[in-house]
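Asks: Structure below; questions to follow.
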């Protein structure tokens, strides 16, 4: 490749690496694997070494990736938190040893020990202690300036808040999430229909870089300390000695630290870590080789990006071929139907893999997977097995095409995929796979409001097979409930009273409780007012529903599909038999003074919360909106009103003070 071609390719690689680094470091949402990114960086570094005149200070080969997230205070690192030079073979390890050997011999240093450690897959952070007390913590950021995440770091139980010695010390560590906790976290997110974390590193980074520390507290973060950045009043001669001291201080030090006397032992340590990495409870993306002698480190020095006395060996991802024997389907608590690959068992990175998720219909089609294919398996982030490709050349013609089911594989209800969504969902309200989630929603405050029937009690009732359907709530006996708790008679009576009281709820609460997709409390109130009974709503056509104000085509379709299910009809019959009200309760003095009017609430009101004001407006037949438009009837402006008030003034919308609003509702 001549210089002109190299210059063009370097520019392409810089743009790509900048983009992917931003997705990885700043957004915590990687779009390619670590290995693919590493290969891009390796090609870029090779070309820059070949044409050093093309090197620029802004190239990611010359600086640490990452920026400071908006909303965080900046922290200037007194000792930079540098990156590491990656290598991918033992020839580069030997070349590193030659450089170390030369520097040691030129300066008469006999200690050429190395320390080999696991390269933990997490987010690098610095912890600062003054007089033995933890005072500040920061992310690496760009190596020179990081983010102040002190409050978030305080939620990590393995970080000591006070040391046994009153010293001033700054240490560096890696915040991570264990493999087991990562799997559990993603499982919970899948059940809650939240976007899954791509890998444990980005889960840890995203958790630590939360502006709200209460969110961080809920995440299973941990930390391993691996370096002394700065210390006052103590001297060390070796890195290994530092690590032992940090351990005595109570820090959670990287458990894998192997002292090696020569490069042969280094190779052996790297191989050992590679062989046993599957047994580790935390994810790694390589092994770090460090010069042990701290004086030799000073002599060797650093570049602007990396120390010359350390190097990171990156393990290649292990891939294996196997047969895709079948595709089965799992139904989650929210009704999402997920295809599951059934594989000819194959050992990958130390684990025997016999099944793996295929995420959704689009993933299967994108990979062009057929049942019977020879597929390529890889463990993503050393944790999750995934299919990364298919060997089309091995197809025999006997392979079967994949199709998502038209009905739920658990209960037989219609399975639907709505426009703009990747997920296919079960629409059955009695589906056993969805029962727990449906029960929790049915009894919730905004729905049937059955006090005392919380998630734990529902879990016990299901476990003991005391209920198997939503309507079974109304068949619960006093003795059954009393048996759930020690001395549970009072609890049982309160719960029975609450269950009976829920039978007299207004229709909109029942509609809300049914959990029809896209139908919330506001839409339920609109439907109750329009159709007056559950029977009328059940018979409503798509055309009728589409004509109702605030009921769009997607919601209308969802309602029709829900009430077409035999499960829905069966449940409603059982609820009616139990005495649950299925008709709208009209008040004698019903007042529709705000019928056809749309209100927007902005700023702070003295006498009402936003929710209370909205309820009053809806009670009088009006509706509330979160945005101002030409269709807005009134804007109620409280203290601190901002852009909504300005827009209302520009559009000529009637603006009400809180007092004027109060006068209107007298």
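The numbers here are math on the coordinates, done by the rules we state, and not lab data. Just so we're clear, the structure is a prediction, and the values are computed from it rather than from any experiment. Cβ atoms come from the backbone with ideal geometry, glycine included; neighbour counts cover every protein chain shown.
Asks: For Rg and Dmax of the Cα atoms in Å, one of [x] 29.1, 98; [y] 31.3, 99; [z] 28.4, 92 was computed from the structure I shared and the rest are decoys. Which label?
Replies: Calculated Rg and Dmax of the Cα atoms in Å: the matching label is [y].
Asks: With r as the distance between the Cβ atoms of residue 460 and residue 27 and R0 = 56 Å, compute the FRET efficiency 1/(1 + (r/R0)^6) and round to 0.05.
Replies: Working: r = 41 Å, r/R0 = 0.74.
Once the sixth-power term is evaluated, E becomes 0.85.
Asks: Can you give me the distance in nm between label points at residue 135 and residue 101, each placed 7 Å from the Cα along the Cα-to-Cβ direction?
Replies: Label at residue 135, label at residue 101, 4.6 nm between them.
Asks: Roughly what angle does helix 521-531 make with the longest principal axis of the chain, taking Cα atoms, 0 to 90 degrees, to the nearest 10?
Replies: Computed tilt is about 30 degrees.
Asks: Return 46, 302 ranked ascending by Cβ neighbour count within 10 Å, so the fewest neighbours appear first. Don't skip to the answer; put the middle values down first.
Replies: Numbers: 46 11, 302 14.
Taking fewest neighbouring Cβ atoms as first place, the list is 46, 302.
Asks: Kirkwood hydrodynamic radius (Cα pairs, Å) of the stretch 319-394? Can you show the working numbers first?
Replies: Numbers: mean 1/r = 0.0795 Å⁻¹.
12.6 Å is the Kirkwood radius here.
Asks: Can you tell me the alpha carbon radius of gyration of the stretch 180-232 divided by the globular rule-of-thumb value 2.2 N^0.38 Å?
Replies: Values: Rg = 13.8 Å, N = 53, 2.2 N^0.38 = 9.9 Å.
Against the compact-globule rule of thumb, the ratio is 1.38.
Asks: Out of all Cα-Cα pairs in the stretch 552-644, roughly what percent, to the nearest whole number, are more than 22 Å apart? All intermediate terms of the calculation are to be shown ahead of the outcome.
Replies: Values: 2282 of 4278 pairs.
Result for the distance tail: 53 percent.
Asks: Another one. Work out how much length residue 330 to residue 54 would gain on full extension: take 0.36 nm times their residue separation and subtract the Cα-Cα distance, in nm to one decimal. The partial results should precede the final answer.
Replies: Numbers: separation 276, 0.36 × 276 = 99.36 nm, distance 5.31 nm.
Separation in residues times 0.36 nm, less the Cα-Cα distance, equals 94.0 nm.
Asks: Gain in length, residue 546 to residue 660, computed as 0.36 nm per residue apart minus the alpha-carbon separation, to one decimal in nm?
Replies: Values: separation 114, 0.36 × 114 = 41.04 nm, distance 3.51 nm.
The span from residue 546 to residue 660 would gain 37.5 nm if fully extended.
Asks: Starting from 0 in steps of 10 Å, tell me what percent of the Cα-Cα pairs of the stretch 3-54 lands in each bin.
Replies: Result returned by the calculation: 25, 50, 22, 3.
Asks: Still on this model: How large is the convex hull of the Cα atoms of the stretch 5-150 per residue, expressed in Å³ as a whole number?
Replies: On the way: hull volume 25.0 nm³, N = 146.
With only Cα atoms used, the stretch 5-150 gives 171 Å³ per residue.
Asks: Based on alpha-carbon atoms only, what is the radius of gyration of the stretch 87-142 relative to the globular estimate 2.2 N^0.38 Å? It would help to have the intermediate numbers written out before the result.
Replies: Working: Rg = 17.5 Å, N = 56, 2.2 N^0.38 = 10.2 Å.
So the Cα radius of gyration is 1.72 times the expected 2.2 N^0.38 Å.
Asks: With N denoting the number of residues in the stretch 427-577, provide Rg(C-alpha) divided by 2.2 N^0.38 Å, to two decimal places. Provide the component values of the computation, followed by the final result.
Replies: Numbers: Rg = 16.1 Å, N = 151, 2.2 N^0.38 = 14.8 Å.
The value comes to 1.09.
Asks: Write down, largest first, the equivalent ellipsoid semi-axes of the stretch 598-664 in whole Å, where each equals the square root of 5 times an eigenvalue of the alpha-carbon gyration tensor. Before the final figure, lay out the partial values.
Replies: Numbers: eigenvalues 58, 37, 20 Å².
Output for the stretch 598-664: semi-axes of 17, 14, 10 Å.
Asks: Something else now. Any idea what angle helix 3-21 forms with the longest principal axis of the chain, computed on alpha-carbon atoms, 0 to 90 degrees, nearest 10?
Replies: Long axis of 3-21 versus the principal axis of the chain: about 50 degrees.
Asks: Can you compute the radius of gyration and Dmax for the stretch 114-201, using only the Cα atoms, both in Å?
Replies: 15.7, 47
Asks: Express the Stokes-Einstein translational diffusion coefficient of the stretch 75-313 in µm² s⁻¹, to the nearest whole number, given a Kirkwood radius over alpha-carbon pairs, 10 °C and a viscosity of 1.306 mPa s. Could the numbers behind the result be given before it?
Replies: Working: Rh = 18.7 Å.
In µm²/s, the coefficient is 85.
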